[in-house]
Number of protein chains: 2
Amino acid sequence: MSAVVPYENIERGADWLRGGPEGDVVISSRVRLARNLAGVSFPGRMSGAESTRLMRLAQQATLDIHPPVADGAQSLLPNKLHWVQMAELAALDRMLLVERHLVSKEHAKSDRVRALLLSLPDERHSIMVNEEDHLRMQCVMPGLALGQAWAAINDVDDQFEEQLDFAYLPRLGYLTACPTNVGCGARLSVMLHLPASRLSGELERVKRAAKDMNLTLRGFYGEGSDGAGDLYQISNQTTLGRSEEQLREMIELRVVPQIVAFERKVRDELLRQRSRYFEDQIFRSFGTLRSARLLTPEEAMAGLSLVRLGVVLGLITGLSTAAVTQLMLLCQPAHLQRLLHREMDQQARREARADLVRHRLVCCNW
Amino acid sequence: MSAVVPYENIERGADWLRGGPEGDVVISSRVRLARNLAGVSFPGRMSGAESTRLMRLAQQATLDIHPPVADGAQSLLPNKLHWVQMAELAALDRMLLVERHLVSKEHAKSDRVRALLLSLPDERHSIMVNEEDHLRMQCVMPGLALGQAWAAINDVDDQFEEQLDFAYLPRLGYLTACPTNVGCGARLSVMLHLPASRLSGELERVKRAAKDMNLTLRGFYGEGSDGAGDLYQISNQTTLGRSEEQLREMIELRVVPQIVAFERKVRDELLRQRSRYFEDQIFRSFGTLRSARLLTPEEAMAGLSLVRLGVVLGLITGLSTAAVTQLMLLCQPAHLQRLLHREMDQQARREARADLVRHRLVCCNW
């Protein structure tokens, strides 16, 4: 088993980076299930012995579901499922997993015995073991594909449920550490690229509309992040009292299509009504990214967001949206350091970020 | 005679745009003589009849010095001297002459009968007839070449003095409308490109040092302009009591070499001590100019200044300093309108300026 995301995968990228349905606006769809074992305390209050037991049970279940194959790795779907002991990873590699949305910040930093199950090279499936809940299973798909992500994670859930005794009450559903997750225990989220909505100042309206439907619109890295790169995740706040199907239909069939239609309308208006000004904004960002010798993460993300928009609108050619989305990830601190095989302070990262972005963008047309 | 600067000359540029000695810092050297005819009131207080008489005398002197040649034009040095009746020019063409430093703003706008004598295509010699003084003769040379400019304008002065009776008092020298010009009646000025001195915040020191020697450091377009493009003219404030030779030696052999040495030292320091930051500044400007779809004159000049510096320092290749200096001129309002053969409002000029600068810079290397 490989302990970390291999270098080739950083370059090649996870499946969700490739783009999918409604890819001009929707980056990815994600379903996360929270599950806990009956008779074992929640992680927040468990003893060391219980931690060890949980890890053993989870690892055994994984082995039972996916017996080792010839080359020593394990198979799940067409990909290999890797068991990663979090404590064995260098801090930089844990940060890398956070940047790739494979573990939470808490899971990266925690002192607990904890693990990550990760399917490679697609990175579609990941399971945090002993995070806030005993198991947090996640499936990510490219583009708008919540139904597909749901079916896939459901499959994984069923397989684990055959091996493990999940805490469940008929009246409440699955029990979870945080009451907002009780019920189906699912969080469904869709990552959106909304530069035009932000430029037009209409993002607050989108946020309010989401809130009215008990959904939240948050930045790329969840709560507290401020929409770097104009990337926003829309997701359900609670699960209690709603079936996963109701949630999925609401988000995938009603809410997201409305946001997508709105974003497209504003893009179209900007292009038709204020084309010079709008193109000026996009190409200046492109020019700065292609020329700068120092780049902060904020400036890189803001610039790449407008470049992505320029690619979608056909203003910038010779570049794919997938390449831009990937670059947004590659210019994050841990990724930069892994790509360059060395630890770097902030100033060195600004230099490396500028070099990386410039060299990746300089070959494409104006 | 052609009434205006021909289109080819706008593109080809005047001689001083080509660059000369100390061309990394010194753009051009200029000597201007103020002369008035004895027995004719100064322009500020002359009658209409006197204006007409002055014009007739000046035109006759020009014809006597330079009899018409075969093709109907007149010859002065290897170039043709053109008599331009200012009132016959469109406002745009008068503005063009101001932007090219061939006439003053006052001469462009005045209601008086007035003319310009201009050598084409080199634009080295120009004589404003009936500006603040009856004759203001100017010679401009590329780079640091005040002695050469002085010799050339002196030649023109001698030739006109053989034909005309200049107001002169042995005790004071040549009489002029403004007392600051009385004496040898000469203003010597050198145009400098001082981006590094400005970046390092040392420009005020240069200004104070100039003032202590009775010299002024002003922006590209004289008093009130604020050093657009980091272009500054250093010139003498008064002439009374000093010979032209003393003035020339002080400016050309003492003051300018000091400023040039200082500017070079700061450039070198910036490149050695803060190279990343410095290159970032230069390449960002370059990137913006190569990408923007809207450009204000201020932004264009500021950007081109750093690009010129980048070329001088070898950071930007495939581009000549002369091309950048020329572009600084071409992106001025009247030049843009003449290049595009139409009158344009501010917004249209910003578009045209961005297009021009982008297309001229996009072919060179990064």
Express the accessible area of chain A per residue in Å², computed with a 1.4 Å probe while the remaining protein chains stay in the model.
40
Enumerate the lysines that B:K80 could reach by cross-link, defined here as Cα to Cα under 25 Å, with residues fewer than 8 away along the same chain left out.
B:K105
Would you mind computing, in nm to one decimal, how far apart the modelled labels at A:N154 and B:A261 are, each placed 7 Å from Cα along Cα→Cβ?
8.4
Could you name the lysines whose alpha carbon sits less than 21 Å from that of B:K265, not counting residues in the same chain fewer than 8 places away?
B:K207
Ordered shortest first, which distances in nm separate the 7 Å Cα→C-beta label point of A:R45 from those of the other copies?
10.3
For region B:255-302, residues shielded by at least 40 square angstrom of accessible area compared with the chain on its own, probe 1.4 Å
B:R276, B:D280, B:F283, B:R284, B:S291, B:R293, B:L294
Using each residue's phi in region B:80-91, evaluate 6.51 cos²θ - 1.76 cosθ + 1.60 at θ = phi - 60° and report the 3J(HN,Hα) Karplus result to the nearest Hz, with x for Gly and Pro.
9, 9, 9, 9, 10, 7, 4, 5, 7, 7, 5, 3
Given a Förster distance of 30 Å, the FRET efficiency implied by the Cβ-Cβ spacing of A:A87 and A:A38, rounded to the nearest 0.05, works out to 0.70
To the nearest 10 degrees, the tilt of helix A:275-291 (Cα long axis) against the first principal axis of the alpha carbons of chain A is 70
Using just the helices of chain B, give the 222 nm mean residue ellipticity in deg cm²/dmol: DSSP H runs with n ≥ 4 each add -39,500 (n - 2.57), and the total is spread over all residues, rounded to 500.
-13000 deg cm²/dmol
Put a label point 7 Å from Cα along the Cβ direction on A:E204, then list its distances to the equivalent points in the other copies in nm, shortest first.
4.1
For the modelled label position 7 Å from the Cα of A:D226 along Cα-to-Cβ, which residues of region A:274-302 have backbone nitrogen atoms closer than 13 Å?
A:297-299, A:302
Accessible surface of the protein assembly as shown [probe 1.4 Å, protein heavy atoms]: carbon and sulfur percent:
50
In the A-onto-B rotation, chain A's nearest residue to the axis by C-beta, with distance in whole Å, turns out to be A:G287, 2
Dipole of the protein assembly as shown, positive end: most advanced residue of A:L96, A:F262, A:G48 [Cβ charges, Cα centre]
A:G48
Relative to the first principal axis of the alpha-carbon coordinates of chain A, what is the inclination of helix A:297-312, with its axis defined by its Cα atoms, in degrees from 0 to 90 and to the nearest 10?
70
Computed magnitude of the charge dipole of the protein assembly as shown (debye, nearest 20; Cβ of K, R +1, Cβ of D, E -1)
680
State, to one decimal in nm and shortest first, how far the label point of A:Q246 sits from each corresponding label point in the other identical copies (label point: 7 angstrom along Cα-to-Cβ).
9.8
Can you tell me the orientation of helix A:321-330 relative to chain A, as the angle in degrees between its alpha-carbon axis and the longest Cα principal axis, to the nearest 10?
70
Which of the three applies to region B:7-265, rounded, prolate or oblate, going by the alpha-carbon gyration tensor with a ≥ b ≥ c and a/c under 1.5 meaning rounded?
prolate
Listed residues A:A300, A:A87, A:A186; largest mean-square fluctuation, Gaussian network over chain A with Cα springs below 10 Å, found at A:A87
Buried accessible area between B and A (1.4 Å probe, both chains summed, ligands and nucleic acids excluded), in Å² to the nearest 100?
1800
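The values are calculated or read from the model by the stated rules, or taken from the named source; none is laboratory data. Keep in mind that this is a model prediction, so the values were computed, not measured. Quick reminder, even Gly has a Cβ in these numbers, built from the backbone with ideal geometry, and neighbours come from all protein chains shown. Protein only, heavy atoms only, side chains kept; ligands, DNA and RNA dropped before computing areas. Shrake-Rupley method; radii C 1.70, N 1.55, O 1.52, S 1.80 Å.
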